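Asks: Let me begin by handing over the structure; questions about it come next.
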Amino acid sequence: MSFLQSRTRAAREGFGKPVLRKDDARLLVGEGCYSDDINLPGQAYACFVRSPHAHARVRRIDTTTALATPRVLAALTGKDAVADGVGPLTHSPMPGNPYEEMVRPPDVVFVAPHPPMPDDRARFAGEIVAMIIAETPAAARDGADRVVVEWIPLPAVTASIAAAATDAPIVWDETGSNVCVDAQVGDAAAVEAAFSRAAHVVRLDTWVHRITGVPMEPRAAVGSWDAASGRYTVHAGAGGLGRTQTGVAGALGVPESAVRVVARDVGGNFGTRNSCYPEFALVAWAARRLGRPVKWTAERREAFLADYHGRDLAARAELALDADGTFLAFRGANTSNVGAHAVSFHPLNKGMALTATVYRMPAASVRGRAVITNTSPTTPYRSSGRPEVMFIMERLIDLAARRHGFDRLELRRKNLVRAAAMPHRNSVGVVYDSGDYQAALDRAVALAEWAGFESRRAEARRRGRYRGIGVANYIELNTGFPRERAHITVHPEGRVDLVLGTLSSGQGHATSFAQLLVEWLGVELSQVQLVTGDTDVTVVGGGAHSARALRLAAIVMAKASDQIVEKGRRIAARLLEAAEADIEFAAPRFRVKGTDRAVNLFEAARAAPLDGLSDETMPQPSFPYGCAVCEVEVDPDTGVVELVRYTTVDDCGRAVNPMILHGQTHGGIAQGVGQALWESCAYDRESGQLLSATLMDYALPRADMLPAFTTEISEVPSTSHPLGLRGGGEGGTTPALGAVVNAIVDALAELGVEHIEMPATSERVWQAIRAARPPRGA
């Protein structure tokens, strides 16, 4: 029997066990090796000159004084890069998965290129226009300060709706409009008919604002060039090395085989590290020009300006209901701000694919546009595109309940897709394979003690606080790069090497992946060595995004493990002088059936090479789902919102390591709550300057701002995955926006507040209270 068909959980440290992460002890004592820890002999240091303007032509760059700075080695500009044949980075903005394709090639009007160092103009504040290389980081910074750039400022636009207007400043002269994607999905005629007979219609115009990942480790890269082999090497942490390799090779105009990308530990990702960055190509190019390695490490302000951002979706949405509260139709328009360069249309695509979320929606029609602006590019950020549409749907449901007298929970229960109706094709054609959405909702409500909430509300009111409770259901659509490769080698000395194309940025891969081999091969956790982080070794792999790493790796690992068992049987048959048909595998031993004659896995490997390799393309999506319940208290005099309780139930299919999954959920909740209440990449609409470019201005959640979370894992096996896995790294984030804002509005409903935009800062909440309730004596 193949391991793909196995449902046993016998091993002490195997499948389903809450095993402590293997890497933690090493990282806690400072033995990690991050990108900035890499130093090569003879390396020089780079510092980038970045545009202070959101939009400006470069008339002239004078590097004379910079080159005269002590210890400065070179000053490079966009003209130098163009002269050397450096082109745009190669990105993959198009979705391309047939199971979720909402944005199709005919919908794409223009794909804005991404030159690593433009020679003619800057299109967002923070874009690179020059590069200084010196013997020390300080000398490079001194040289960069001495570069003189003559600018011709141009009109800028940072907001998507403004940029889509016909009279908006044009970001790219090559196109007559900033709208670069315009797609329509669903059945507009059916939607129109449903709205015409609806008893109730609720509308919401909202903006799910822009944020960024703020990983603990800022980006860094070291580039080198080997003249003998004609190959570049880039040391840079990322979500996966394949995209960095593709992007750098495309910019340098060389085959991917001429670029090696290496990474060890990665200090946080959340999606913002998954795509290739200009600096990675530039350090490699500069290394070839200088004939020595070149290193760059970002400062935090640089990171805020030039890291890829996430979210930024403007939406207009309507929900039609009959008199009993049955959903009839949804229609909407989503406008995604992709920034100055087209790095990814995936968030827009994902959101359109999940328009109806977990509810039965007979008809839907959605227009999706992507718009170019004078801002840093956006890319998938944790749970790409899904938190936005969950927020929209869950807010519409609460608005319908309050305006038309429905119970919030019963309205949701009435319209949820039933478990018995699976598989379910949603109203834009995406097929959900399996799930029990009502069970997740009911369990979350019970865990959160919803029934006793009114007594908690009354107690808070006696203290002068307004307490509210909110709920939000969610579903994920996990796809990602569909190809994965596993090579497992059993070594005679008692070690099992697992080579995969994934790369951990804190998810505990070395533990979870090893647990599968513990289960299947019967080895000890300590005997499994995960080998990742080098394109010369891993060859193929899409990294960690869209909850793909373990979900796809498990399939190829199982098939490679099957090969090892089959090879091991043949080896054991020779060693034990028995027929191969008489050899059975009882992990970790090969035994002659009905006897005590056996050899273990490592003894077999001593007799002959023992390995397995599987390389598969697996485009099938998975659909994790769940429910979150949030409670807040609001101080009406200051507008301060305190998160007092937070409960989630998340269905991951089958949990390989529940402890790690709970940790992933906790981090996801913090990021979702952070966006709902505090975080924001705020651009000045007139100047295009980023106003939140430091940790003093970009408000991250802290531990003392969050309560202890109540999290529970549900395990309804996925019917579209041979091991029943769905994925579990993003669910904490996905419902958080809706749950938090629904709770705040519930707290303030008696004051007349019906909606509040995010982030729900104390100022915004205070203003909403004052607008709804006139001051005393007025």
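The values are calculated or read from the model by the stated rules, or taken from the named source; none is laboratory data. Not measured: the values here are computed from a predicted model. When we count neighbours, we look across all protein chains shown, and the Cβ atoms used for this are built from the backbone with ideal geometry, even at glycine. Just so you know, the surface numbers come from the protein's heavy atoms only, side chains and all, with ligands and any DNA or RNA stripped out. Shrake-Rupley method; radii C 1.70, N 1.55, O 1.52, S 1.80 Å.
Asks: Regarding the stretch 1-98, what are the three Cα extents along the principal axes, ordered largest first, in Å?
Replies: Principal-axis extents of the Cα atoms in the stretch 1-98, largest first: 70, 45, 27 Å.
Asks: Distance from the Cα centre of the stretch 392-407 to that of the stretch 435-460, in angstrom?
Replies: With the stretch 392-407 and the stretch 435-460 each reduced to a Cα centre, they are spaced 17 Å.
Asks: How compact is the stretch 547-586 by the rule of thumb for globular proteins, expressed as Cα Rg over 2.2 N^0.38 Å?
Replies: After normalising by residue count via 2.2 N^0.38 Å, the value is 1.55.
Asks: Quick one: pull the percent of accessible area on the chain belonging to carbon and sulfur, 1.4 Å probe, ligands and nucleic acids left out.
Replies: For the chain, the apolar C and S fraction of the accessible surface comes to 51 percent.
Asks: Moving on to the next point. Starting from the Cα of residue 593, draw a straight line to each of the lysines and keep only those under 23 Å, dropping any in the same chain fewer than 8 residues away.
Replies: Straight-distance partners of residue 593: 567.
Asks: Compute the whole-percent fraction of alpha carbon pairs in the stretch 720-778 spaced more than 12 Å apart.
Replies: Of the Cα pairs, 72 percent sit more than 12 Å apart.
Asks: As a test, work out the antiparallel percent of DSSP beta bridges whose residues both lie in the stretch 170-269, rounded to the nearest 5.
Replies: About 55 percent, rounded to the nearest 5.
Asks: At what distance in nm do the modelled label points of residue 451 and residue 750 sit from each other, each positioned 7 Å from its Cα along Cα→Cβ?
Replies: The two pseudo-label positions are separated by 2.3 nm.
Asks: Would you mind finding the longest exposed-site-free stretch of the chain, with exposed trypsin sites (Lys or Arg not before Pro) meaning DSSP loop and at most 10 other Cβ atoms within 10 Å?
Replies: It works out to 198-462.
Asks: Further question on the same structure: Report the rotationally averaged projected area of the chain based on its alpha-carbon convex hull, in square nanometres.
Replies: 36.7 nm²
Asks: Per the Kirkwood treatment, what hydrodynamic radius in Å, one decimal, follows for the stretch 19-158 from the mean inverse distance over all distinct Cα pairs?
Replies: Here the Kirkwood hydrodynamic radius works out to 18.4 Å.
Asks: Which ³J(HN,Hα) values in Hz, rounded to whole numbers, follow from the phi angles of the stretch 347-357 under the Karplus curve 6.51 cos²θ - 1.76 cosθ + 1.60, where θ = phi - 60° and Gly and Pro get x?
Replies: Working through the residues one at a time gives x, 4, 4, 4, x, 5, 5, 10, 3, 7, 6 Hz.
Asks: Now for a different question. Mind jotting down a quarter of the surface of the convex hull over the alpha carbons of the stretch 623-709, in square nanometres, one decimal?
Replies: Approximately 8.3 nm², given one-decimal rounding.
Asks: What is the sum of charges, Lys and Arg at +1 and Asp and Glu at -1, for the other residues whose Cβ falls under 13 Å from the Cβ of residue 539?
Replies: -2
Asks: Express in whole angstrom the spacing between the alpha-carbon centres of the stretch 301-323 and the stretch 105-147.
Replies: Measuring centre to centre over Cα atoms gives 26 Å.
Asks: Report the semi-axes of the equivalent ellipsoid for the stretch 296-424 in whole Å, largest first, where each axis is √(5λ) for an eigenvalue λ of the Cα gyration tensor.
Replies: 34, 14, 14
Asks: Treat the stretch 78-134 as a sphere of radius equal to its Kirkwood radius over Cα pairs and apply Stokes-Einstein at 37 °C in a medium of 0.692 mPa s; give the translational diffusion coefficient in µm²/s, rounded to a whole number.
Replies: For these conditions, the coefficient is 236 µm²/s.
Asks: State the answer as a single residue: which of 166, 202, 238 lies farthest towards the positive end of the charge dipole of the stretch 164-264, with beta carbon charges of +1 for Lys and Arg and -1 for Asp and Glu, about the Cα centre.
Replies: Positive-most Cα among the choices belongs to 238.
Asks: To continue, here is another question. Where the convex hull is taken over the Cα atoms of the stretch 615-672, what is its projected area averaged over directions, in nm²?
Replies: Reported value for the Cα convex hull: 6.0 nm².
Asks: Related question: Subtract the Cα-Cα distance of residue 59 and residue 420 from 0.36 nm times their separation in residues, and report this length gain in nm to one decimal.
Replies: Between residue 59 and residue 420, full extension yields 123.4 nm more.
Asks: Okay, moving on. Only bridges whose two residues both fall in the chain count here: according to DSSP, what percent of them are antiparallel, nearest 5?
Replies: The antiparallel proportion sits near 80 percent.
Asks: Distance check, please: which entries in 295/350; 295/559; 22/559; 350/414 exceed 30 angstrom between their Cα atoms?
Replies: 295/350; 295/559
Asks: Leaving ligands, DNA and RNA out of it, work out the accessible area of residue 557 with a 1.4 Å probe and give it in Å² to the nearest 10.
Replies: Surface open to solvent at residue 557 totals about 0 Å².
Asks: A follow-up question, please. Given a 1.4 angstrom probe, what's the average accessible area per residue across the chain, in square angstrom?
Replies: With the other protein chains kept in place, the chain gives 36 Å² per residue.
Asks: Over the stretch 552-649, consider all pairs of different Cα atoms and compute the Kirkwood hydrodynamic radius from their mean reciprocal separation; express it in Å, one decimal.
Replies: Computed over the stretch 552-649, the radius equals 17.8 Å.
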